[in-house]
Structures are given as C-alpha cells and as structure tokens.
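Colleague: Quick one: the structure is below, questions incoming.
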Amino acid sequence: MFSFLRNPIKEEVKLYMTNFKRQIFSVATAGVMIANIATPAFATTIEISGNGAGSANYATVNTTNTTTVTQNNTANVTNTVNTNADTGDNKAKYNTGGDVGIQTGDAKVDVNVANDLNKNIASVDCCVAGDTSVKISGNGANSDNTVALTNNNTNLVTQNNTANVSNDIDADAETGENKASSNTGGDVVIMTGNAKVDVDVSTLANVNSARIGGGVTPTPSASFWIVGNGAGSTNYIDATLNNTNLVTQNNYADISNDIDADAETGENKAKFNTGGEVAILTGDAETNVDVDNTVNFNFADLNCGCIFDVLAKIAGNGASEDSHEEQCTWWDWICEEQDQNVITLDLVNFQAADQGNVANLSNDVDDESETGENKASSNTGDVDHESDPAIVTGDAESNNSISNSGNVNSLGEMPNVEFSFNFAALWAFFGMHS
C-alpha cells in the first residue's frame, strides 16, 4: 500500500497599525507498510512596522509539523511437511521354476519451503525548512514591540518486526527393503532404483528500511532584524527553531528448522533360494539439504541536517531613555537595564537512529543416505554351474549446507545484502538514489 502525506504550511504574520493576518493551509492523507511522506516547507515572515508612538504590538506564532510513521509486522509461521516416496518393500517368495526378479523404479522427494516475511519501507522528506524572516522596524518612540516565534518540525519513524517461524520437515525416499526368499529354480535378482531427497528451506524475515531525505538538503536562511525604531522603544525577538529526526528500528526473529531426510536403497534380502544365481543390485542413495536463514536487517539514512544560515541584526534604533526599566513589564525576565533591543535565538537540530536486532536460530538436521544392510544368505546354487551370490550397492551421498546471516545495522549506506525485495527499484520509483 502506498501512502502520500502532504502538509504544506505557510505562516505569514504582519502587524501594520492595527492589522493582524494569519493563514494556514493543510491537506493530509496517510497509509502504512510502504510509506512515502512529503513533509512541509516552512516559510515564515513576521513583521511589526510603522506603528505609532507608545503603541504596544505583540506577535506570537507557533508552527508545529509532526510526521509520524509507525509500521509493525508480526508473523507466526509453522510449516509441517511429512513426505514419503517408496518403491520398496516388495516380496517374491515360494516360487518354483524360472527366474525371480524384483526391480524397483526411482524414489525421489523434493521439498521446498520459502518464508519471505516482514518488510517495512518508509521514505520521509526532510523538513525542507523555508526562509524565516522576523523584522521589527520603523515603530514610534516609546513603543513596545514583541515577537515570539516557535517553529517545530519532527519526523518520527518507528519500524518493528517479529517473526516466529517453525519448519518441521520429514522427507523419506526408499526403494529398499525388498525380499526374495524360498524360491526354487532359475536366477534370483533384486535390483533397486535410485533414492533421492532434496530439501530446500529458505527464510527471509525482518527487513526495515527508512530514509529521511533522499537528496541534497537545502540550507534555509533565518534573518532577525530590529532596526530603525524610535527612541525609548522596547523591542524583543525570541525565536526557537527546532528540527528533530528520529528513526527506531527493531527486529526479533525466532527460527527453528527441524529436518529429517532419509534416502535408502538398502536392507534388501535374498535368502533360502535354490538353483541359479543370486544377485542384489542397489541404486544410489542421495540426500541434499540446504538451509538458508537470512534475518534482521536495519537500514536507515538520515540526510536532513536543516542547519540554518542565520542573520541577526540590531541597528539604527533610537537612544534609550531613563524610563527604560518601566518599559519592562511581562517581558522583564529577558529585559536588562542596558538593553532595549534583544534578539534571543534557540536553533536546534537533532538526529538519532536506534537500531536493534535479536535472532534465535536453531537448525537440527538429521540426514541419512543408505545403500547397505543387504543380505544374501542360505542360498543354494546350480549344481552344474558355478554361481556365487553377489551384492553390488550404489553410492550413498549426503550433502548438507546451512547458512545463517543476519543482525545487520546500517546507517547512511544500503547494506550489501541480496534481498528478494528490490530496494534500488523502490528508491528509483520515489526518484531517490540508493
């Protein structure tokens, strides 16, 4: 699901004589799982100018933009596979005259289990802070002019994944356990096919990808002016500009793989046969088990400094008067006897990424390939010919491959991991670089 959140805010505050004007525009839509969120551009202009002598003029503006993305996934997966391919357990007994033969075909088992779970992708634009301008100018003597400005921009991205996966697989391929016994006359032959088991278990779980700002972040300007005000005027600018970006990513994976794989062509028996040759020929027994666990990856890119170019200027204001202290009323906590014109700035930029992973992996593989335990006993050959019993087995081969990878935290650079999800294509879709 895609989501697009746009909340462009423009604040314009102007005091001119007795006029006060404020404009706010906002439009919002939201979604989860795959989120592309564009945060607003702040453009703030505050002006107190041209007011008469002795006037009291105040502008208080609070602009707050908060973008919160919360993505949570919980996957509880249990795969129980019990499969059996069997061409064996054949019996030829108590036959008289002619040859006796047991020939089995191949027994093959293929088991493929793929778990692809829990992905969170969030793309949030920077605050894209616009230019801020605060100006107190050209006001009359003994006027009291105050501007209090607060601009807050906060981007919060929280991504959590929990995966509990249990794969219980019992796979058997068998062509053996054939019996030819108590036959009279002719040759006795047991010939088995091949027994092969292939088990592939793959678990990819818990991927978080968060990006705040995808390109070059512009450097906004902030200017604060107290200029050209009349004698005895009291002028204060108090501005706080905050930008906070916080990414929290947590993964918990509990993976259990219990695999029992058996390939068997053996345990064939030829007993108590009279006359002719006795032969047991088994095929190959092969088991291949591949287990691949790839869990817990966090990728965060915070490219959103939003550091301001600041200009603060106090110039060309009139001389102070003896009555200055009386001018300091409710604002006196900041007023000093020597200062009639004060600019106080608090510019804060805070970025933090918190990444945590917990992985509990258990791989229990019981893998067996068997062509042995064949028996040819108590057989009586042809008295006119030399006929020795023969047992010829095929090859027994077991191949196991277990791969565990995970618990990767990456800040600022895409991790070099082969995901089934193409992050590069995702960022390209959003017009961003991976």
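The values are calculated or read from the model by the stated rules, or taken from the named source; none is laboratory data. Computed from a prediction, not measured in an experiment: that's the story for all the values here. All Cβ positions, glycine included, derive from the backbone under ideal geometry; neighbour counts span all protein chains shown. Accessible surface is based on the protein model in full, side chains and every heavy atom, while ligands, DNA and RNA are left aside. Shrake-Rupley method; radii C 1.70, N 1.55, O 1.52, S 1.80 Å.
Colleague: Restricting attention to the stretch 146-177, which residues are within 30 Å of Gly54 (Cβ to Cβ) and open to solvent by 10 Å² or more (accessible area, probe 1.4 Å)? Even if it seems obvious, please write down each step before you answer.
Modeller: Within the stretch 146-177, the first condition is being within 30 Å of Gly54 (Cβ to Cβ), and the residues that meet it are 146-150.
Answer for the stretch 146-177, where residues must be within 30 Å of Gly54 (Cβ to Cβ) and open to solvent by 10 Å² or more (accessible area, probe 1.4 Å): Ala148, Thr150.
Colleague: Taking the conditions exactly as written (open to solvent by less than 40 Å² (accessible area, probe 1.4 Å) and closer than 21 Å to Asn167 by Cβ), does Asn296 satisfy them or not?
Modeller: Working: open to solvent by less than 40 Å² (accessible area, probe 1.4 Å): yes; closer than 21 Å to Asn167 by Cβ: yes.
Taking the combined requirement at face value, the residue satisfies it.
Colleague: Please go through the stretch 92-141 and pick out each residue that is closer than 30 Å to Thr287 by Cα and within 27 Å of the chain's Cα centre (by Cα). Even if it seems obvious, please write down each step before you answer.
Modeller: So in the stretch 92-141, the residues closer than 30 Å to Thr287 by Cα come out as 92, 101-117.
Within the stretch 92-141, Asn112, Val113, Ala114, Asn115, Asp116, Leu117 meet the criteria.
Colleague: Further question on the same structure: Being modelled with pLDDT under 85, open to solvent by 30 Å² or more (accessible area, probe 1.4 Å) and part of a loop (DSSP other than H, G, I, E, B), is that true of even one residue in the stretch 129-136? Please lay out each step first, then the result.
Modeller: Going through the stretch 129-136, the residues modelled with pLDDT under 85 turn out to be 129-132.
If we keep only those that are open to solvent by 30 Å² or more (accessible area, probe 1.4 Å) too, we end up with 131.
Next, only the ones that are part of a loop (DSSP other than H, G, I, E, B) stay: 131.
Yes, the stretch 129-136 has at least one match.
Colleague: Moving on to the next point. Six or more apart or on different chains, Cβ under 6 Å: which pairs go from a residue in the stretch 286-298 that's among the acidic types (Asp, Glu) to one that's open to solvent by less than 20 Å² (accessible area, probe 1.4 Å) and in a strand (DSSP E or B)? Could you list them?
Modeller: Glu286/Ala263
Colleague: Could you give every pair whose Cβ atoms fall below 6 Å, whose first residue belongs to the stretch 244-266 and is over 22 Å from Asp292 (Cα atoms), and whose second residue is of a type in the set (Phe, Trp, Tyr) and assigned to a strand (DSSP E or B), counting only separations of at least 6 or pairs across chains?
Modeller: Pairs that qualify, where the first residue is over 22 Å from Asp292 (Cα atoms) and the partner is of a type in the set (Phe, Trp, Tyr) and assigned to a strand (DSSP E or B), are Thr244/Phe350.
Colleague: With the checklist (1) in contact with a Cys (Cβ under 9 Å, 6 or more places away or on another chain); (2) at pLDDT 60 or above; (3) in a loop (DSSP other than H, G, I, E, B) in hand, flag the one item Ser320 doesn't pass.
Modeller: For Ser320, the exception is condition (1).
Colleague: Here is a further query. What about Ser209, is it open to solvent by less than 10 Å² (accessible area, probe 1.4 Å), modelled with pLDDT of 85 or more, in contact with a strand residue (DSSP E or B) (Cβ under 7 Å, 6 or more places away or on another chain) and assigned to a strand (DSSP E or B)? Can you show your working first?
Modeller: On the way: open to solvent by less than 10 Å² (accessible area, probe 1.4 Å): yes; modelled with pLDDT of 85 or more: yes; in contact with a strand residue (DSSP E or B) (Cβ under 7 Å, 6 or more places away or on another chain): yes; assigned to a strand (DSSP E or B): yes.
Yes: the conditions hold for Ser209.
Colleague: Here is a follow-up. Need at least 2 residues that are under 52 Å from the mean Cα position of the chain (by Cα) and of a type in the set (Ser, Thr, Tyr) per element, so show me which strands (runs of 3 or more DSSP E) inside the stretch 224-312 make the cut, counting only ones lying wholly within it. Show your work before the answer.
Modeller: Details: elements: 234-264, 269-271, 278-281, 285-302.
Output list reads 234-264, 285-302.
Colleague: Here's a follow-up. For the stretch 102-117, give me the residue count where each residue is exposed (fewer than 15 other Cβ atoms within 10 Å of the Cβ) and either among the polar types (S, T, N, Q) or part of a strand (DSSP E or B) (or both).
Modeller: Step one: filter the stretch 102-117 for residues exposed (fewer than 15 other Cβ atoms within 10 Å of the Cβ), giving 103, 105, 110, 112, 114.
Applying the additional criterion that residues be either among the polar types (S, T, N, Q) or part of a strand (DSSP E or B) (or both) yields 103, 110, 112, 114.
Going through the stretch 102-117 one residue at a time, the tally reaches 4.
Colleague: Now for a different question. Considering each residue of the stretch 214-236, count those that are out of contact with any Ser or Thr (no Cβ under 7 Å at 6 or more places or on another chain) and buried (at least 23 other Cβ atoms within 10 Å of the Cβ), and give that number.
Modeller: Qualifying residue count, the stretch 214-236: 4.
Colleague: Let me ask you something else. When only residues in the stretch 48-101 that are over 30 Å from Thr132 (Cβ atoms), touching a Gly at 6+ places or on another chain (Cβ under 7 Å) and part of a strand (DSSP E or B) count, which is least open to solvent (accessible area, probe 1.4 Å)?
Modeller: Top of the filtered list is Val100.
Colleague: Something else about it: Does the stretch 279-289 contain at least one residue that is at pLDDT 85 or above, more than 30 Å from Leu204 (Cα to Cα) and among the acidic types (Asp, Glu)? Don't jump to the end; show me each part of the working.
Modeller: Step one: of the stretch 279-289, the residues at pLDDT 85 or above are 279-289.
From what is left, the residues that are more than 30 Å from Leu204 (Cα to Cα) are 279-285.
Those still in the list that are among the acidic types (Asp, Glu) too: 284.
Checked the stretch 279-289: at least one residue is at pLDDT 85 or above, more than 30 Å from Leu204 (Cα to Cα) and among the acidic types (Asp, Glu).
Colleague: Run down Val197, Val189, Val165 and say which single residue is over 30 Å from Asn90 (Cβ atoms) and in contact (Cβ under 8 Å) with a residue 12 or more places away in the chain. Don't jump to the end; show me each part of the working.
Modeller: Numbers: Val197 fails: over 30 Å from Asn90 (Cβ atoms); Val189 fails: over 30 Å from Asn90 (Cβ atoms).
One residue alone meets the criteria, Val165.
Colleague: Further question: Can you name the residue in the stretch 178-206 that is surrounded by fewer than 19 Cβ atoms within 10 Å (Cβ to Cβ) and within 28 Å of Asn288 (Cβ to Cβ) and, of all such residues, is nearest to the chain's Cα centre (by Cα)?
Modeller: Across the stretch 178-206, the extreme among qualifying residues is Ser202.
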